[in-house]
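Presented below is the structure to which this report refers.
The values are calculated or read from the model by the stated rules, or taken from the named source; none is laboratory data. What you see is a predicted model; the values in this text were computed from it and never measured. So basically every Cβ, Gly included, is an ideal-geometry build from the backbone, and we count neighbours across all protein chains shown. Only protein heavy atoms, including side chains, enter the accessible area calculation; ligands, DNA and RNA are left aside. Shrake-Rupley method; radii C 1.70, N 1.55, O 1.52, S 1.80 Å.
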Amino acid sequence: MNQSKNQSNQNKMSFSPLSRVRWLLLLLIVLFASCTKQESKEELFSRVFDFAEVQYNYLIEQIDTISPLKQPRGMRKDNQLFLVSKEDWTSGFFPGSLWYLYEYSQKPVWKNRAIKYTMALDSAQFITWNHDVGFMIQDSYGNAYRLDSQKKVYKQAVIDAAKSLITRFRPVAGVIQSWDTGDYMGWIAKRGWDMPVIIDNMMNLNLLFEATKLTGDSTFYKVAVTHANTTIKHHFRPDFSSYHVIDYDHKTGAIRSKQTAQGYSDPSSWARGQAWGLYGYTECYTETHDEKYLKQAIAIANFIIHNPKIPENGVPYWDYDDPKIPNAPRDASAAAITASALLELQYYDEKNKEIYLNYAEKIIRTLASSDFLANEKENGGFILKHSVGNYHTGEELDRPLNFADYYFLEALLRWKNIN
C-alpha cells in the first residue's frame, strides 16, 4: 500500500521527455529575453556621455603632454595622435564636442575646457582662404555663444567669420568658392580646377544665417540662399545623390566639370557627401522656411534611408559604389551626420516623422554599441571607431575622427531633447 502511494507521488513529480524539453525551451526564452532587453534612451545617454567624459579626460591628458591647445583631429596610421592648428578645417569640432559635454553634464570643468579650446582658435575667424571657416567658428564660438553667458566675444567672432566667408562668394556663378587653385594648394592645384565648389560647403551656410540674425545685415542671408539655390541646380543627380565637386569657370560662371575629390569615382555616391547635403538643406529650411529646401532635404533623406547599398544597421560604407563592398570600410562619421540631420528634419515632415526617428535611433544605437564605440582609454581617446577621412590619402582610413564624435554627441542631444 505505501509502496503504491510512493510510486504515485513519484509519477506526479516526474516529467516526460517532451515536457522537459518544453520547460527547457521556456527557460531559455526567458533568459534570452532578459539578456536582450533594449537599453532605454536614458540609460544609453548616461552610459555614452559618462564614457565620453572618460575618453576626453584621457585625450586632453595626451594633448597637454604633446602640444597644449592644439586641436585633436584623429589618429595617424602609426596610431599617433593627429593634432592640428587653428587653420585646419576640423579645428572647431573638438571645442564643439566639449561644449556638448558641458551642455549634457552642466559640469564647470567641461565649460572651462570648452572655453579654453575655443579661445585657442582666436584669429581663425579672419581666415579668407578657407571656406570651412563655418565649421571652424560656428561649431566652437557658435556653441559658446549659445551656452555661455559671456556672449560678446563669441558674437563678434561669428560675425567676423561670416565676413571672411562671403569674400569667397563669386556672383558670376552664384556660389561660394570652396578651394583656391593656386600652385600653393598642392594636390588641388594639380586637378586643373578653376573655381571648385564642394557639397561640403552647404555646412558653412549656417554661419551666414547666424550672422544676419546677430547683425540685421541681410547680405549674409542673401549669399547663403544664392549658394544653396545654385547647389540644388548643379550638384544633384535625378536620384538626389550628389557630385562632390562642381568646377565653374570664374569668368563666365559656366560648369567646366562634375567630379569627385574624396569619393570612389566621379559618378559615385560618396557617403559623407550625401550626409552633408541632407544636413545642409535641413538647416537651410530651418533658417528660411523656404519649401524648396525642405523638398530637397526630404528627397536626399529618401535616397539614404531606402538605399539598398547601405547595411541594415544604418552605418554606410565610405562610398555607396565602392566595388569592394562588403569588404570596404564603413564611415561612422557619415552615419552620425545623417542621424543628427534626421532628428532635425523630423520636426518639419509629419508624413515621414516616424521613419526619420526610427532610422536615426537605429544609427545611434549602432554607434553606441561595441562595434563602433571605443574601449576606455583606447582609440586615442576619441569616442567612435571606424570613420574615413580622405580615403585616397590612406591617412584617415578606418580611423577615429573628431567630426564623427561631434555629430554623434549632437545627435544624442537632439534625440534627448525630443519630447
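Exactly one condition in (1) under 29 Å from Glu395 (Cα atoms); (2) crowded, with 22+ Cβ neighbours inside 10 Å; (3) over 20 Å from the mean Cα position of the chain (by Cα) is not met by Gly92; state its number.
Looking at each condition in turn, Gly92 falls short on (3).
Quick test of your reading of the structure: Asp266 fulfils all but one of (1) open to solvent by 20 Å² or more (accessible area, probe 1.4 Å); (2) part of a helix (DSSP H, G or I); (3) in contact with a strand residue (DSSP E or B) (Cβ under 9 Å, 6 or more places away or on another chain). Name the failing condition by number.
(2)
For region 150-180, how many residues meet the condition of being under 21 Å from Met202 (Cβ atoms), assigned to a helix (DSSP H, G or I), in contact with a helix residue (DSSP H, G or I) (Cβ under 6 Å, 6 or more places away or on another chain) and open to solvent by 20 Å² or more (accessible area, probe 1.4 Å)?
1
For region 40-58, state whether one or more residues are at pLDDT 95 or above and outside any helix (DSSP H, G or I).
Checked against the condition, which is being at pLDDT 95 or above and outside any helix (DSSP H, G or I), region 40-58 yields at least one hit.
Find all pairs meeting these conditions: Cβ atoms under 6 angstrom apart; at least six residues apart or on different chains; first residue within region 190-218 and farther than 22 Å from Tyr279 by Cα; second residue surrounded by fewer than 24 Cβ atoms within 10 Å (Cβ to Cβ) and among the hydroxyl-bearing types (Ser, Thr, Tyr).
Trp193/Thr181; Ser218/Thr212
Right, Ala360: closer than 22 Å to Ser105 by Cα, out of contact with any strand residue (DSSP E or B) (no Cβ under 6 Å at 6 or more places or on another chain) and not β-branched (Val, Ile, Thr) or not?
no
I'm trying to understand the selection: among the residues of region 122-135, which are outside any helix (DSSP H, G or I) and within 21 Å of the chain's Cα centre (by Cα)?
Answer for region 122-135, where residues must be outside any helix (DSSP H, G or I) and within 21 Å of the chain's Cα centre (by Cα): Asn130, His131, Asp132.
How about region 329-382: which of its residues are under 14 Å from the mean Cα position of the chain (by Cα), open to solvent by less than 30 Å² (accessible area, probe 1.4 Å) and within 14 Å of Arg414 (Cα to Cα)?
Passing the criteria: Ala336, Ile337, Thr338, Ala339, Ser340, Ala341, Leu342, Leu343, Ala360, Ile363, Ile364.
Since Arg191 meets every condition but one in (1) open to solvent by 60 Å² or more (accessible area, probe 1.4 Å); (2) closer than 27 Å to Ser340 by Cβ, which condition does it not meet?
The number of the failed condition is (2).
Within region 136-150, is even one residue more than 25 Å from the chain's Cα centre (by Cα) and closer than 26 Å to Asn112 by Cα?
Checking region 136-150: at least one residue is more than 25 Å from the chain's Cα centre (by Cα) and closer than 26 Å to Asn112 by Cα.
Please give the number of the condition Asp322 fails out of (1) open to solvent by 10 Å² or more (accessible area, probe 1.4 Å); (2) modelled with pLDDT of 95 or more; (3) at negative phi.
The single condition Asp322 does not satisfy is (1).
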